[in-house]
Amino acid sequence: MADTPKIELSNVHKNFGRKVVLDGIDLTVRAGHSMVVIGGSGTGKSVMLKCVLGLIKPTSGSIKVDGQEVTRLSERDREEVLKKFGMLFQSGALFDSLKIWENVAFALIQGEHMDRRKARDIAMEKLAKVGLGAEVGDLNPSELSGGMQKRVGLARAIAHDPEIVFFDEPTTGLDPIMADVINQLIVDTVKDMGATALSITHDMASARKIADDMAMIHKGKIIWTGAAREVDTCGNPYVDQFVNGRAEGPIQMEVLKA
Amino acid sequence: MNLLALVGSAVLTFLAEVGALSQFTMKALRASFAPPIYLRLIGMQMLRIGYFSLPVVGMTAFFTGGVLALQIFIGGSRFNAEGFVANIVAIGITRELGPVIAGLMVAGRVSAAIAAEIGTMRVTEQIDALVTLSTNPFKYLVAPRLIAAVISMPLLVVIADIIGVFGGFVVGTQSLGFNPIVYIGNTVDFIEFDDVSSGLIKSAVFGFIIALMGCYSGYRSQGGAQGVGRATTNAVVSASILILAANYVMTSVFFSS
C-alpha cells in the first residue's frame, strides 16, 4: 500500500550566505501520522519547517506536499497549498492588536471570508476544545499566561480544520504539568481531525507522547528515522546520546572541535 | 588591498540595499492595487497617521509661519522688501515649508511607530503566522499603511498650510504692525493654484515614502529588541533623507522653465 507521502523532503539544502544550515535533508511524513523531529538547538529544525511552508526558500532540493512540488510555486498557488496547513509557533505568535477570539477565528475570517458572528461561534468552540472558557475569548493576548497563549495558538492553528499541522517546540518554556496538557491536546486534536502532524522539539517526554514516527537531525542532515518506539533501541550513538541526555558522546566532541 | 576591499564592500552593500528596497516597493505596490483591499484597516491607519498627527503638524506649522514672517520682515528690510511678508509667507508655506516640515514631523512620528509595530511582529513570528493563516502580509500590513499615508498627508498639509499662513498672519499683525485686511489681501492675491497643488503632490509622495520606509525597516528587523530599535531609527533617518531628496527632484521638475 504505497500511498503518496503527505510531505516529502528530498536532498534539501539551505545556506545563509556561507553558513550551511540544511545539508541534504531527506524526510518522509506519512499521511495521518505524527512525525517528531528531534535534535539539538541550532541544528536547523525550525529552518526545515519554514522551508516546507515556503517562509524560507531552500537553496536546492525538492519538497513535495501530496506529491506536488512546492519549492517553486507562484504566490497564488502557494496560498492555495498553505490552506492545508496550520502551525503552532514557539511563542504562540498571537496578534497583539486583536482579541483572543479574533485571533482564533483569523483563518476563517481572512482565508474563508466567513461571517464574523459565525466565525466567533466556531472560535469559542475551538477554545473550549483546548480547555479555555468563553470569557477568555474577549481578552487580549498580553493578558494571558504562556501556557494559555500556547493553547490559544493551538486553537488558532486548527480552527480551519487543516490537513497538516506543524508544531514548533510546543512544550518549550512550560511547566511539566502544562507541558503534558499540551501534549495531550496535540494527541487528541490530531487524532480527532485525522490530520498529519510534524513537530520539532528537544523535549523527549513530549516527543515520546506525541510521536508515531521520529527522526533525528544533526548538523543539517537526518541521521536516523524510524518508528517512535524504536528510538531507545536503534543503536545509533548520536540518537542514544541525545535521547539519554548525556554530555559525553559523539555530539559533544563535534561541539568542542568547532 | 584592504582599503579597496572596504570600498568595494560598501558599494556592494549599498547596491544590495537599493535592490532589496526596490523589490519590497514592487511587492508593496502590487499588493496595494490587487484585492482584497482591507477598507477597515485603511480607515484605522488613516486615523493613526492622519488624525493623530494633527496636533504635531498644527503646532509646527504655526511656529514655522510665524518665524518665516519674522525673518522675511527683518531680512527683507535690507533691500526694502518688508512689505512682501504676506506674499512670501504664503508662497513659502504652500510650496515648501508646509509639505516638507509636515513631512519630516510625520516621518519622525509615524515612520518610527510603523517600524516598531511591524518590527515587533517580525521578531515575534507574527508575520510568519499571518502567512500560515492564508493572509498576505503585504496586503494586510503594508498596503493599508501605504494607502492611508498617501491619502492622509495631503489632507494634513492642507491644514498645515492654513495654520502656517495663520501663524504668519498673527506675527505680521501683532508684532510687525501690518494691517490685517491688507495682510490677508496680499496673501490671497499672490497665491496661485500651482503653489498649493505642487505642495499637495509633494505631500502625497512624502506620505508614500514615510509609510514605505516604516514598513521596509520593520519588515526586515532581526534579532529581538535591539533589532527593532535599529529598525525604528533606520526608518526615521531614511524617510527623512528620502523626503528631502525627493523634494529637490520634484521642485526642479515642477518649477523648471
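Just a few scattered comments:
- Among residues that are aliphatic (A, V, I, L, M) and surrounded by fewer than 24 Cβ atoms within 10 Å (Cβ to Cβ), B:Ile127 is included.
- You will find that of A:Ile210, A:Ile164, the residue that is touching a Lys or Arg at 6+ places or on another chain (Cβ under 7 Å) and buried (at least 19 other Cβ atoms within 10 Å of the Cβ) is A:Ile164 and no other.
- Top-ranked residue in region B:187-212 [being of a type in the set (Ser, Thr, Tyr), touching a residue at least 12 places away in the same chain (Cβ under 8 Å) and under 15 Å from B:Pro99 (Cα atoms); ranked as surrounded by the most Cβ atoms within 10 Å (Cβ to Cβ)]: B:Ser203
- Check on A:Leu174, more than 14 Å from chain B (Cβ to nearest Cβ), closer than 23 Å to A:Ala107 by Cβ and either more than 13 Å from the chain's Cα centre (by Cα) or free of Cβ contacts under 8 Å to residues at least 12 places away in the same chain (or both): no
- The number of residues in region A:39-69 that are within 13 Å of chain B (Cβ to nearest Cβ), touching a strand residue (DSSP E or B) at 6+ places or on another chain (Cβ under 7 Å) and in a loop (DSSP other than H, G, I, E, B) comes to 1.
- Taken over region B:214-236, the criterion of being under 18 Å from B:Phe24 (Cα atoms) and either within 15 Å of the chain's Cα centre (by Cα) or part of a helix (DSSP H, G or I) (or both) is satisfied by B:Gly214, B:Cys215, B:Tyr216, B:Ser217, B:Gly218, B:Tyr219, B:Ala231, B:Thr232, B:Asn234, B:Ala235, B:Val236.
- Restricting region B:42-68 to residues that are small (Gly, Ala, Ser) and in a helix (DSSP H, G or I), the residue that is farthest from B:Glu117 (Cα to Cα): B:Gly66
- Condition check for A:Val190: buried (at least 20 other Cβ atoms within 10 Å of the Cβ), within 14 Å of chain B (Cβ to nearest Cβ), hydrophobic (A, V, I, L, M, F, W, C) and outside any loop (DSSP other than H, G, I, E, B): no
Rundown of residues vs (1) among the aromatic types (Phe, Trp, Tyr); (2) crowded, with 21+ Cβ neighbours inside 10 Å, yes/no style:
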| residue | (1), (2) |
| --- | --- |
| A:Phe85 | yes, yes |
| A:Trp101 | yes, yes |
| A:Phe106 | yes, yes |
| A:Arg117 | no, no |
| A:Val130 | no, yes |
| A:Glu135 | no, no |
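- Restricting A:Glu135, A:Glu125 to those that are more than 14 Å from chain B (Cβ to nearest Cβ), farther than 26 Å from B:Thr124 by Cα and in a helix (DSSP H, G or I) reduces the list to A:Glu125.
- Residue match in region A:227-249 (condition: over 21 Å from A:Ser41 (Cβ atoms), out of contact with any helix residue (DSSP H, G or I) (no Cβ under 9 Å at 6 or more places or on another chain) and either of a type in the set (S, T, N, Q) or outside the structural domain of A:Val52 (by TED's automatic domain parsing) (or both)): yes
- Answer from B:Gly168, B:Gly164, B:Gly119, B:Gly98 - the residue that is within 14 Å of chain A (Cβ to nearest Cβ), out of contact with any His (no Cβ under 7 Å at 6 or more places or on another chain) and crowded, with 24+ Cβ neighbours inside 10 Å: B:Gly119
- The residues in region A:168-218 that are within 18 Å of A:Phe242 (Cβ to Cβ) and acidic (Asp, Glu) can be counted, and the count is 3.
The values are calculated or read from the model by the stated rules, or taken from the named source; none is laboratory data. No experiment lies behind these values; they were computed from the predicted model shown. Positions of Cβ are backbone-derived with ideal geometry, glycine not excepted, and every protein chain shown enters the neighbour counts.
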